[in-house]
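Below you'll find the structure, written out as structure tokens, and then a few comments.
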Amino acid sequence: MSTPLTTTAPLTKREQAERAMRHSWFPVARSVDLATPEPAVLLGEQLVVFRDADGNARVTARRCPHRGADLSLGNVTGGSIGCPYHGWRFDGADGGCTYVPSLPDQSKIPPKAAIRSYPAVERFGHVWTVLEEPVVELYDPEEWHGHDLVWLAADPLNSPTGVAAAIENFRDVAHFPFVHQVSMGPTPEVVEPLQVRRDGIDVRMERPLDAGDGDWANQGDCMMAYHCTAPGFASISYHYEQAGLRVVAGFPSPVSYEQVKVFWGVANDRDFKGDSLEECLRVEEMVYLEDMPVVENLSPREVPWDAEVPEFSVPADLFTLNYRRAFAELMNRTARHVEAAGGVAP
Ligand code: FES
Ligand code: CO
């Protein structure tokens, strides 16, 4: 008698990163775009995002289980989304089929004819969702507590790069004099030692805004708080002594492992006493468009978690190196979470 030997190959770091992201919150639409249902893709899952008649944001699977029509072409009635093909309706909260127009007797709706529904939370001008049971809560940076922030969500940008590579671009401090000469003007090449703190999946750094940061962000004395949380949250909070709090934040969302839709936006105190949010967005967009040609051509397209490609780091990379540690910590937390749930499934 022999027992069949079953071996499960350990997940590669890349597989662990993908799994961690399936258990993490990402934006899938801007709040302002929900006048009609919006298609979205998150880690390969085809989704539809819509606002029901009561104003609740909803996220469900996009494929109609009757004959496969695209529900983002349908319309919303009450709490449900209707299929554009034969009019079946699905509840936005639980995904159950609530109405089949062709059926004389609605009690005969096939009980399994449902679509998957996902959590939906509106925050920072965007609708966020998570594919599997979340390992960590949706981002809620403490430096924004007590502030009544008004958000302006930017046009999202598509980039053939991974989430971590996109976040690293947001938080990189050594590329300004090479990529942003036009938008920022001349900035110093030498990066003074960075004071970076990591706490679990959060990485932070503070520094005063100075002349080296150019005029683009200058609205008087200001302390800048860099904050990033694994996997996909990066912000700079500008604490202006006179004007108040201004925020620039990016939330790259993985369409697939090597393709992101970068949702991002700007915000400030409701009574902010500096330039307008529209002007801030215009300047930030100019900055970001300078990054795009470089970021779109990185090789590999995502951080090489499995060290399959050698990279060399210097002290100026301290923030992004700490972000990688934060992401690794998230992978470990996800592994423990999945184990505790008694499965190896994603
Ligand atoms: Fe959706 Fe028929 S394909 S109702
Ligand atoms: Co840049």
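What follows draws every value from the coordinates through simple rules; no lab data is involved. Note that this is a predicted model, so its numbers are computed, not measured. Glycine also receives a Cβ, built like all others from the backbone with ideal geometry; neighbour counts cover every protein chain displayed.
Computed values, structure above
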read-out: Förster radius 22 Å - calculated FRET efficiency between Thr8 and Glu311 (Cβ-Cβ, nearest 0.05); value: 0.15
read-out: Point-to-point label distance, Val182-Ala341, nm (Cα→Cβ direction, 7 Å offset); value: 4.5 nm
read-out: Debye, to nearest 20: dipole size of the stretch 111-261, +1 on Lys, Arg Cβ, -1 on Asp, Glu Cβ; value: 580 debye
read-out: Within straight-line cross-link reach of Lys261, lysines at Cα separation under 29 Å, skipping those fewer than 8 residues along the same chain; value: Lys13
read-out: Charge dipole (debye, nearest 20) of the stretch 181-291; +1 at Cβ of Lys and Arg, -1 at Cβ of Asp and Glu; value: 420 debye
read-out: Pairwise centroid distance, computed over Cα atoms, of the stretch 18-85 with the stretch 102-145, Å; value: 9 Å
read-out: Residue-wise HN-Hα coupling along the stretch 148-162, computed from phi with Karplus coefficients 6.51, -1.76, 1.60 (Hz; x: Gly, Pro); value: 9, 7, 9, 9, 10, 7, 7, 4, x, 10, 9, 9, x, 8, x
read-out: Ranking of Phe90, Phe124 by count of other Cβ atoms within 10 Å, fewest first; value: Phe124, Phe90
read-out: Check: the chain dipole with +1 on Lys, Arg Cβ and -1 on Asp, Glu Cβ, in debye; value: 1620 debye
read-out: Glu189/Glu296 FRET efficiency (R0 22 Å; Cβ-Cβ; nearest 0.05); value: 0.40
read-out: Isolated Cys residues of the chain, judged by Cβ distance under 4.7 Å to other cysteines; value: Cys97, Cys222, Cys228, Cys280
read-out: Rounded tilt (10° steps) of 277-295 against the dominant C-alpha axis of the chain; value: 90 degrees
read-out: Local electrostatic count, Ala166, Cβ distance below 13 Å [Lys/Arg +1, Asp/Glu -1]; value: -3
read-out: Sequence of Ser31, Ser235, Ser102 once ranked by neighbouring C-beta atoms within 10 Å, starting from the fewest; value: Ser102, Ser31, Ser235
read-out: Table column - 3J(HN,Hα) (Hz), the stretch 73-87, Karplus curve with 6.51, -1.76, 1.60, x for Gly and Pro; value: 8, x, 9, 9, 10, x, x, 10, 10, x, 6, x, 8, 10, x
read-out: Distance between the stretch 251-295 and the stretch 152-208 - C-alpha centres, whole angstrom; value: 12 Å
